[in-house]
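Undergrad: Okay, handing you the structure first.
The values are calculated or read from the model by the stated rules, or taken from the named source; none is laboratory data. Remember, predicted model here, so these are calculated numbers, not experimental data. In this analysis, Cβ positions are derived from the backbone assuming ideal geometry, glycine residues included, and neighbour counts consider all displayed protein chains.
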Amino acid sequence: MNIATNTAVKAESSMLPIVFSAMVGLSILFLVGFASSGMIHDSAHDMRHAMGFACH
């Protein structure tokens, strides 16, 4: 019984990063879906400058 219990606990704990990543990804898609196109463009533009890429 101990082996079955350990396996079940490992299976549940290995799903946590997958579920967390899926929730973060869906949240980002939801927020971007309702954002105005100008705001999305400005955010992407600012991130390019923050990472040191030239845009102009």
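Undergrad: Determine which single condition Leu26 fails, assuming it passes every other condition in (1) modelled with pLDDT of 85 or more; (2) surrounded by fewer than 10 Cβ atoms within 10 Å (Cβ to Cβ).
TA: (2)
Undergrad: While we're looking at this one, here's another question. Give the residues of segment 30-40 that are at pLDDT 90 or above and surrounded by 10 or more Cβ atoms within 10 Å (Cβ to Cβ), sorted by residue number.
TA: If the condition is that a residue be at pLDDT 90 or above and surrounded by 10 or more Cβ atoms within 10 Å (Cβ to Cβ), then Phe30 is the only one that fits.
Undergrad: Mind checking which pairs have a first residue in segment 37-55 that is of a type in the set (Ser, Thr, Tyr) and a second that is surrounded by 10 or more Cβ atoms within 10 Å (Cβ to Cβ) and part of a loop (DSSP other than H, G, I, E, B), Cβ under 6 Å, 6 or more apart or different chains?
TA: From residues that are of a type in the set (Ser, Thr, Tyr), there are no pairs.
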